[in-house]
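In what follows, a structure is listed as structure tokens, so that the remarks can point back to it.
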Amino acid sequence: MNLQIEHEETVATQFPVSLTQMARKGRMLAVGVINAATLTSNYVIPRRDQRHKSGYQREASSSRVNKLIQQLSLNRVDLPTAVLLNMREFDAEQHLIEKNGQLFLAPNGRPLYVVDGQHRIVALDKLVDSDPDRWSSYEIPFSCMLGADEREEMEQFYVVNSTAKSVRTDLAFDLLKQRAETDPEVMKGLVESNERWKVEAQALTEALADTEIWRGRIRFPGDERGLTTINSSGMASSLKTLLDTPYFGAVSRPNQIRILDSYWKGINLCLPEVIAEPQDNTLQKSTGVMVMHPILVQIIEYLRSKGLSPIDPESYADVLRDPFEELEGDTSGGDVATGADFWRSGPDGAAGQYSSNAGRRVLTARIKNTLPELDVE
């Protein structure tokens, strides 16, 4: 339990609530809004004690708490979703007060056990401690079970955390780009946290979806699988290394698109049969793009060193033709797949064995080692 807030007398300690009944067991639930001073003065997080088989919460993640503190301090986020609490030592006569037809919940120093929402509450605790004048009256929605025991808390904790579904990465990237384009504060926060690349990568992915090689191949949130070969988050993630490089990351977005379009057209000149049948090959799937886009960094440097254009498909084809022809690997049947056959999906190809993160790094290194060397004069 936390220390009492010095300014507690300046903020409300009784909160208007509505009572409802949980359907399955009939447990009473108080729903309302509570200020940060009272919440952080009374909360208890039942940490898991494996030895005594008590509690159920893991330690709060410092990085998550600190990130939330930063976002709240800069007024970039709100806390609109309710935390789930429980008052184990509930007494209706002490803790429920009726005034003028309105029901109020009064903790009166009783512990409020945190069932869900510990990171938000810990962040608020630190903010109230550092600046009580600003944060004591900050309000957050809450739902509070009345009189449940630890077993019931544990059951609700399990249900909330085992059935919650995180936002898909492709949808998260899409929404992040939209927010950043309409709210300068979002983009400012992304720059500070070195995550601006996500917005840039999503924009490039959307542009690539309109190019000749990638039209109809990238699957965005809500799209049917159809003839697509890769989801938008996979494509966006593959572009991070490129966007982090001084040259590619510095050129304008239209020129970045021209470079990527030319690069894949150059690949098509080397492997037309692979590009013609993208669903039957891995080159335009996650494994392929996660390998080919990091390689582009080295290829651009080579072209620039030779005074060649990074928007000429023929230049890329000249650099990649020999490495593609030399590339070989074992199939699952024990044969050797070379050239275009290397990229075939299923047992007749060899690229599938590189689908893990470690495998992709190995394949990337193999191809890089066969690229022309940079001349240093």
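For the stretch 133-144, 3J(HN,Hα) computed residue by residue from phi via the Karplus equation (6.51, -1.76, 1.60; θ = phi - 60°) reads 4, 7, 9, 4, 8, 4, 10, 9, x, 8, 10, 10 Hz, glycine and proline entered as x. Beyond 32 Å between alpha-carbons counts as too far, so tell me which of K25/K99; K67/K285; K67/K99; K165/K198 fall in that bin. As for pairs spanning more than 32 Å Cα to Cα, those are K67/K285; K67/K99. Quick one: among L308, L239, L320, which has the greatest mean-square fluctuation in a GNM of the chain with alpha-carbon springs under 10 angstrom? Residue with maximal mean-square fluctuation among L308, L239, L320: L308. Only DSSP H runs of four or more residues enter the estimate; each adds -39500 (n - 2.57), and after division by the residues of the chain the mean residue ellipticity at 222 nm equals -14000 deg cm²/dmol.
Among G307, G339, G352, the largest mean-square fluctuation in a Gaussian network model of the chain, built with springs joining Cα atoms closer than 10 Å, belongs to G307.
Using a ≥ b ≥ c from the Cα gyration tensor of the stretch 15-115 (square roots of the eigenvalues), is it rounded, prolate or oblate, where a/c under 1.5 gives rounded and otherwise the larger of a/b and b/c decides, a/b for prolate? Intermediate results must be reported in sequence, preceding the final value.
Details: a/c = 2.04, a/b = 1.26, b/c = 1.62.
Cα axes put the stretch 15-115 in the oblate bin.
Under a GNM of the chain (C-alpha, springs under 10 Å), which listed residue has the highest mean-square fluctuation: S262, S233, S137? Of S262, S233, S137, the Gaussian network model singles out S137 as fluctuating most.
Between I311 and A365, what's the calculated FRET efficiency when r is the beta-carbon distance and R0 is 30 Å? Round to 0.05. Before the final figure, lay out each step's value.
On the way: r = 27 Å, r/R0 = 0.89.
Efficiency, rounded to the nearest 0.05: 0.65.
Legend: calculated FRET efficiency, V191 to T169, from the Cβ-Cβ distance at R0 = 22 Å, rounded to 0.05, equals 0.60. Looking at the chain, the accessible area is 52 square angstrom per residue; that uses a 1.4 Å probe and ignores ligands, DNA and RNA.
Quantify, in whole percent, the carbon and sulfur part of the accessible surface of the chain (1.4 Å probe; protein heavy atoms only).
Working: 9130 of 19470 Å².
Roughly 47 percent of what the probe reaches on the chain is carbon or sulfur.
Let me make sure I get this right: for the chain, a, b and c are the square roots of the gyration tensor eigenvalues over alpha carbons, sorted descending. Under 1.5 in a/c it's rounded, otherwise prolate if a/b > b/c, else oblate. Which is it?
Values: a/c = 3.17, a/b = 2.39, b/c = 1.32.
It comes out prolate by the Cα gyration axes.
Under a 5 Å amide H cut-off, with hydrogens placed 1.01 Å from N, V44 pairs with L112, Y113, V114 among residues at least 5 apart or on other chains.
The values are calculated or read from the model by the stated rules, or taken from the named source; none is laboratory data. Remember, it's a predicted structure, so these values are computed and weren't measured experimentally. All Cβ positions, even for glycine, are placed from backbone atoms using ideal geometry, and neighbour counts span all protein chains on display. Protein only, heavy atoms only, side chains kept; ligands, DNA and RNA dropped before computing areas. Shrake-Rupley method; radii C 1.70, N 1.55, O 1.52, S 1.80 Å.
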